[in-house]
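The block underneath contains the structure these notes are about, expressed in structure tokens.
Bear in mind these aren't lab numbers, they're just calculated from the coordinates by the rules spelled out. It should be emphasised that the depicted structure is a prediction, and the values quoted were computed from it without experimental measurement. Cβ sites come from the backbone with ideal geometry, for glycine too, and all protein chains shown count toward neighbours.
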Amino acid sequence: MYSYFLLYELRMPAPVYLETYERGELEERIEQLMDILNECTLCPRACRVNRTRGETGYCNSGKDLIVSSAQPHYGEEDVLVGTYGSGTIFLTNCNLGCIFCQNYDISHLGYGQRVTGEEFARSMLSLQRRGCHNINLVTPTHFTPQIVKALKIAIEYGLHIPLVYNCGGYESKRTIELLDGIVDIYMPDIKYSDEASARKYSNAPDYFDVCKEAVKEMHRQVGDLTVDAQGVAVRGLLIRHLVLPNHVAGSAEVFKFIATELSKESYVNIMLQYRPMYRAYEYKELNRRITVSEYQEALDSAKDWGLHRGFEY
């Protein structure tokens, strides 16, 4: 079992899931989440398939967890990586259909292995033993019930580092509500503000409206990002926005939303690493990297709206 004394000795704040477990509420959340799989509405696509019987919907996922890899990751944001890395677990498949996906072999092609809840829990514990500062769940949306069920096992064997929910932003507000008191750090993408782009490139015309509601709920739960004395994130919201060529992401409206409906203290990683991947070459407007001026324009817009954390200007 975990020890609050150990956390005190290490001068680490206790992850929120430990308190939820102690109160006896985690089991109830697991039951509620697992029940959703009988007629799946975990994400906004609401396919309503019975995943407990092996049926699959848009995400092409049934009842079993599928993991691509679990390892310390040093390519994430500095506040997650710290000294010993972010304990990153890549989940296979996705509830979005981004034609420029940078991890398309995992998200679209389904590369990965089925694992049990016990095996997933052991992976989390192994990453903790290796010194990772957090458990970073990449694309967890469609496996949320199974992950939370595995989390309970890991807690009972001593897991005590923050849980990061690293998602594409296309989330059901109800699912996020059920994660209140479980997730320490939410790290959503906000991919687009433009409906036409979201429809064309991710088959999700309602993306921005849905994303805004979900991210507001995330912020309500955990607030702005906070870090410990070593500068490592312990709780809060960390937003990612990938700048796309030819302004197709509608970056200015994304920053306006963050500054006016969340907080000007929001931590926003404005990413410049876009490159044409997967099927992006089929779209002329996406078939190149972004220019220096396009990235600078995004930075200027964020600054104009009063944002200042998470990016260098």
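Within segment 93-123, count every residue that is within 16 Å of the chain's Cα centre (by Cα) and free of Cβ contacts under 8 Å to residues at least 40 places away in the same chain.
Number satisfying all stated conditions: 3.
Identify, by number, the condition in (1) surrounded by 23 or more Cβ atoms within 10 Å (Cβ to Cβ); (2) within 12 Å of G169 (Cα to Cα) that K216 doesn't meet.
So K216 meets the others, but not (1).
Could you tell me which numbered condition G97 fails, if it satisfies all but one of (1) in a strand (DSSP E or B); (2) among the small types (G, A, S); (3) closer than 21 Å to R45 by Cβ?
If we test G97 against (1) in a strand (DSSP E or B); (2) among the small types (G, A, S); (3) closer than 21 Å to R45 by Cβ, just (1) comes out false.
Has segment 223-246 got any residue that is among the charged types (D, E, K, R), assigned to a loop (DSSP other than H, G, I, E, B) and out of contact with any strand residue (DSSP E or B) (no Cβ under 7 Å at 6 or more places or on another chain)?
No, segment 223-246 contains no residue that is among the charged types (D, E, K, R), assigned to a loop (DSSP other than H, G, I, E, B) and out of contact with any strand residue (DSSP E or B) (no Cβ under 7 Å at 6 or more places or on another chain).
Being without any contact (Cβ under 8 Å) to a residue 60 or more places away in the chain and either of a type in the set (D, E) or in contact with a Ser or Thr (Cβ under 7 Å, 6 or more places away or on another chain) (or both) is the filter here, so list the residues in segment 233-282 that pass it.
If the condition is that a residue be without any contact (Cβ under 8 Å) to a residue 60 or more places away in the chain and either of a type in the set (D, E) or in contact with a Ser or Thr (Cβ under 7 Å, 6 or more places away or on another chain) (or both), then G236, L237, H241, V243, V248, A249, G250, S251, A252, F255, E261, E265 are the ones that fit.
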